[in-house]
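Derivation of every value follows stated rules applied to the coordinates shown; laboratory data play no part. On a predicted model such as this, the values are computed, not experimentally measured, just so you know. Counting neighbours? That spans all protein chains shown, and the Cβs are built from the backbone with ideal geometry, glycine included.
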Amino acid sequence: MKFIIIFGPPAVGKMSVGRELAKITDYRLLHGHMTIELVLEFFDFGTPKFHILNSEFRRRIMEEVATSDLPGLIYTYVWGFNIESEKEYVEKISGIFRKERGVVYFVELFCELDERLRRNKTNERLSEKPSKRQKEESEARLLELEKKYVMNTQGDFYFKENYIRIDNTHLSQRECAEKIKEEFNL
């Protein structure tokens, strides 16, 4: 079992790259908004009940996938490096796969802010993420998160093994996915 965590700031292309990687590897994709959009039907973002359900759905999916005969899971995540509990969370979910002798891979995506603001309005993003359809609000949240959190490393990532950092500002999703597949021999 391969567990690939694609992380980076909002609108960097995690879901799109994950989709392309899933196509060329036969791995399954669990992008963050698959659970976020479901839970938003019941509870507001950021509330305690939202957090409980969102993390429980993700954890249970990962537990079942880790013990299945699927070849791999791609998971997308916005990681706040200035929040200590975020590292603990990633270690915990990685442990689900490692416990089953799975291999964990880390893919950090980054790109220029102007490009992320453009991507934040694309049809692909909006079709999969209804909570982003109020474009002005979505852009304001993206800019607020940009000020509040450190969502990319400066190449000083915690885990050195099975890690790649990709500037995808000028790469297509397919080119980025091919790079990941080649780097990790997936």
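Summing -39500 (n - 2.57) over the DSSP H runs of n ≥ 4 in the chain and dividing by its residue number, what mean residue ellipticity at 222 nm do you reach, to the nearest 500 deg cm²/dmol?
Computed mean residue ellipticity for the chain: -15500 deg cm²/dmol.
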Checklist outcome for this item: The alpha-carbon center of segment 139-186 and that of segment 1-70 are separated, in whole Å, by 16
Item to check | Residue among G155, G102, G80 with the largest mean-square fluctuation in a Gaussian network model of the chain, springs linking Cα atoms under 10 Å | outcome: G155
Next on the checklist: Test of understanding: in a Gaussian network model of the chain with alpha carbons linked when under 10 Å, which of T47, T153, T67 would top the mean-square fluctuation ranking?
Outcome noted: T47
Next on the checklist: Once you order the gyration tensor axes a ≥ b ≥ c over the Cα atoms, which shape class does segment 33-103 get: rounded for a/c under 1.5, otherwise prolate or oblate by comparing a/b with b/c?
Outcome noted: oblate
Checklist outcome for this item: trypsin sites (Lys or Arg not before Pro) in segment 25-116 lying in a DSSP loop, each with at most 15 other Cβ atoms within 10 Å of its Cβ, come to K99, R101
Checklist entry - Which FRET efficiency, nearest 0.05, do A140 and I164 yield, Cβ-Cβ r, R0 45 Å? => result 0.90
Checklist outcome for this item: Loop-resident chymotrypsin sites (Phe, Trp or Tyr not before Pro) in segment 131-186 with no more than 10 other Cβ atoms inside 10 Å, DSSP not H/G/I/E/B, are none
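According to the square roots a ≥ b ≥ c of the eigenvalues of the Cα gyration tensor, what is the shape class of segment 144-186, taking rounded for a/c under 1.5, prolate for a/b larger than b/c otherwise, and oblate for the remainder?
Numbers: a/c = 3.25, a/b = 1.40, b/c = 2.31.
Oblate, because a/c is 1.5 or more while a/b does not exceed b/c.
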Checklist entry - Cα gyration tensor of segment 2-181, axes a ≥ b ≥ c as square roots of the eigenvalues: rounded (a/c below 1.5), prolate (a/b > b/c) or oblate? => result rounded
Next on the checklist: Are there any GluC sites (Glu not before Pro) in segment 1-86 that are in a DSSP loop and have at most 12 other Cβ atoms within 10 Å? List them by number.
Outcome noted: E41
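Restricting to segment 24-169, what percent of DSSP beta bridges are antiparallel, rounded to 5?
If I count the DSSP bridges inside segment 24-169, around 0 percent turn out antiparallel.
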Checklist outcome for this item: Any DSSP H helix in the chain with Cα axial reach of 15 Å or more and mean Kyte-Doolittle score of at least -1.0? Listed by number, the hits are 14-25, 48-66, 84-98
